[in-house]
Amino acid sequence: MKHTWRNLEWLTRWLRRLLYLGVVIELFSLDSAIHQRKVFRHLLAQGVAVAESAKAADHSGAWASGFVSYPVMIVALATLILAAVWIYRAAANMHAIHATGMTTSPGWAVGWYFIPIANFWKPYQAMREIHRASAGAQQQQTQATPILLRLWWLLWLLGFLIPWFIGTYAGMTARHGNVAEGWLLTNAEQLVSSLIDMPLNLAFALLIARIWQMQSMHAAPPSAPTLTTEVAG
């Protein structure tokens, strides 16, 4: 398949803006979860029933309003879409200039994220190939995997595994009749997710900026079709 070289300046800029906005959202989400936890514990200490305490806590905090939650979901969806497009295009750029070491197609560089089990390492492998190819063909065999790339993937795995384990345990606890402990664990899942997602967003924002900076130094060969995605303004 013939791939086209594209200027990713505009796409990188807007994806980074969404990632930074995501950090701000996670800060508010963290504050809201902490507030809800305090409300729940306070009501329990006052002798309020667990069900009523949980309901009151869930309806407290900034994130309890549907007016807030819908824009947050839109931002999250937009970030996921732009991230998928960016990964595809970054891989396609390296295929367009026939960079060596690119064993993963642009489609699978994105597709592996949706394949169970394989998504624990294949997306990282694809991103590592993109990074090495972007750094230059002459460095591909000798260049060590950068710490930023490893950190990004470690945070990605932790952001999936830890909340999943906490959420699973919370469900088991609630089913065994300990509703209060189950609610606290669910709340802890939200706290942990926010604490991981913030550095994850920052790491990914830095990573895509670095990769595009390296790619922009490549001169697309005459044989590689080129198309700019830069938008004025």
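At-a-glance table
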| read-out | value |
| --- | --- |
| Cross-link reach list, aspartates and glutamates versus Lys38, counting only Cα pairs under 17 Å and skipping chain neighbours closer than eight places | Glu52, Asp58, Glu181, Glu189 |
| Value at 222 nm in deg cm²/dmol, rounded to 500, when DSSP H runs of n ≥ 4 in the chain each add -39,500 (n - 2.57) | -24500 deg cm²/dmol |
| Long-range amide H partners of Trp5 with built H, under 5 Å | Thr226, Leu227 |
| Rg ratio (alpha-carbon, reference 2.2 N^0.38 Å) - segment 5-228 | 1.24 |
| Difference of contour (0.36 nm per residue) and Cα-Cα distance, Val85 to Met1 | 28.5 nm |
| DSSP H segments from the chain that extend 30 Å or more along their own axis, Cα-based, with Kyte-Doolittle mean of 0.5 or above | 66-96, 147-175, 179-215 |
| Formal net charge of residues neighbouring Leu43 (Cβ-Cβ distance under 14 Å; K, R +1; D, E -1) | +2 |
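FYI, it's all coordinate maths here, none of it is from the lab. Note that the coordinates shown come from a computational prediction; the quantities given were computed from them, not determined experimentally. Note: ideal-geometry Cβ built from the backbone for every residue, glycine included; neighbour counts use all protein chains shown.
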